[in-house]
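Notes for the one structure printed next.
Each reported figure results from applying straightforward, stated rules to the coordinates on display, with no laboratory input. These figures come from a predicted structure and were not determined experimentally. Counting neighbours? That spans all protein chains shown, and the Cβs are built from the backbone with ideal geometry, glycine included.
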Amino acid sequence: MKKLATITTIAAFAMAPAAFAGTGPAFADIDTNADGFLSVSEIQAVAPEVTEEEVAAYDADADSMLSEVEFEAWKMDQKKDSDTETETNSDY
């Protein structure tokens with residue numbers, strides 16, 4: 001069952017125009033060790049293109065992990081960027 005959830009999460013991510021844009025995978029689906037935080041490796045398991053620098057930009061307490069609040073802030077910014085890109089592309 002865990003494999004199915006992981007495959008579903010990866011598939012959902014692959015359809016997003018940018019990492020974590022829109023609804024994307026839920027925090028709990030990415031937090032595979034269920035410690036309440038997302039490590040860079042957990043994030044990269046579903047979005048390999050994400051860099052440590054990108055994670056650090058949203059890591060408000062500099063603990064090298066994202067809390068659920070930090071992750072949601074990141075997702076909101078990704079959605080804004082994605083929406084802006086869509087608006088820009090539709091102008092042509």
> Roughly speaking, what is the stretch gain from A28 to S41, that is 0.36 nm per residue apart minus the C-alpha to C-alpha distance, in nm to one decimal?
Replying inline: 3.2 nm
> Which order do peptides 41-49, 56-64 fall in by mean Cβ count within 10 Å, highest first?
Replying inline: 41-49, 56-64
> For M65, M76, what's the fewest-to-most ordering of other Cβ within 10 Å of each Cβ?
Replying inline: M76, M65
> So what J values fall out for segment 28-40 if you push phi through Karplus, 6.51 cos²θ - 1.76 cosθ + 1.60 with θ = phi - 60°, rounded to Hz, Gly and Pro as x?
Replying inline: 4, 6, 7, 6, 5, 9, 6, 9, x, 9, 10, 7, 4
